[in-house]
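These notes are about the structure you will find just below.
The values are calculated or read from the model by the stated rules, or taken from the named source; none is laboratory data. Keep in mind that this is a model prediction, so the values were computed, not measured. For neighbour counting, all protein chains shown are included, and Cβ atoms are generated from backbone atoms with ideal geometry for every residue, glycine included.
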Amino acid sequence: MGRTVLTFVITYDIASPTIRRRVARYLEERMTRVQLSVFEARMTVEAANRLFDALDVLIEDDDRLRMYALNARGLEKSRASGGAPLPEDGGWWLL
């Protein structure tokens, strides 16, 4: 997919409070928290894979970590009520 930017959703179920806090802090620096253990961000596939790999080494075997990718069509069909708005595919960057 090269430099294609998609919306990614990462969610987790982590038993240890210490590991859970570490993962949450890591994600809060890079994504928008939309629920207690659910984060969203727009990024390239490569960046998302690096992020997932960095998180994967932090968790235990019994923990669960999931990453989902939404393209523009999937995002159009998504809905949200309350909390942070869904990321838009605006084709622009704010620096």
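Worth pointing out:
- Looking across 95, 75, 27, 58, one residue alone is surrounded by 15 or more Cβ atoms within 10 Å (Cβ to Cβ) and at pLDDT below 95. It is 75.
- Test: residue 39 is touching a strand residue (DSSP E or B) at 6+ places or on another chain (Cβ under 6 Å), of a type in the set (Phe, Trp, Tyr), buried (at least 18 other Cβ atoms within 10 Å of the Cβ) and closer than 11 Å to residue 55 by Cβ: yes
- For residue 2, the conditions (1) loosely packed, with under 10 Cβ neighbours inside 10 Å; (2) at pLDDT 95 or above; (3) of a type in the set (Gly, Ala, Ser) all hold with the exception of (2).
- Hey, residue 63 surrounded by 15 or more Cβ atoms within 10 Å (Cβ to Cβ), acidic (Asp, Glu) and at pLDDT below 90 or not: no
- Qualifying residue in segment 57-69 (condition: outside any strand (DSSP E or B) and touching an Asp or Glu at 6+ places or on another chain (Cβ under 6 Å)): no
- Restricting segment 21-43 to residues that are among the charged types (D, E, K, R) and without any contact (Cβ under 8 Å) to a residue 12 or more places away in the chain, the residue that is farthest from residue 71 (Cα to Cα): 21
- Subset of segment 45-72 [small (Gly, Ala, Ser) and farther than 17 Å from residue 21 by Cβ]: 47, 48, 69, 72
- Residue 80 among the small types (Gly, Ala, Ser) and not in a loop (DSSP other than H, G, I, E, B): no
- Of residues in segment 30-45 being under 19 Å from residue 82 (Cβ atoms) and hydroxyl-bearing (Ser, Thr, Tyr), the one modelled with the highest pLDDT: 37
- Only listed residue being over 15 Å from residue 8 (Cβ atoms), part of a helix (DSSP H, G or I) and of a type in the set (D, E, K, R), chosen from 50, 25: 25
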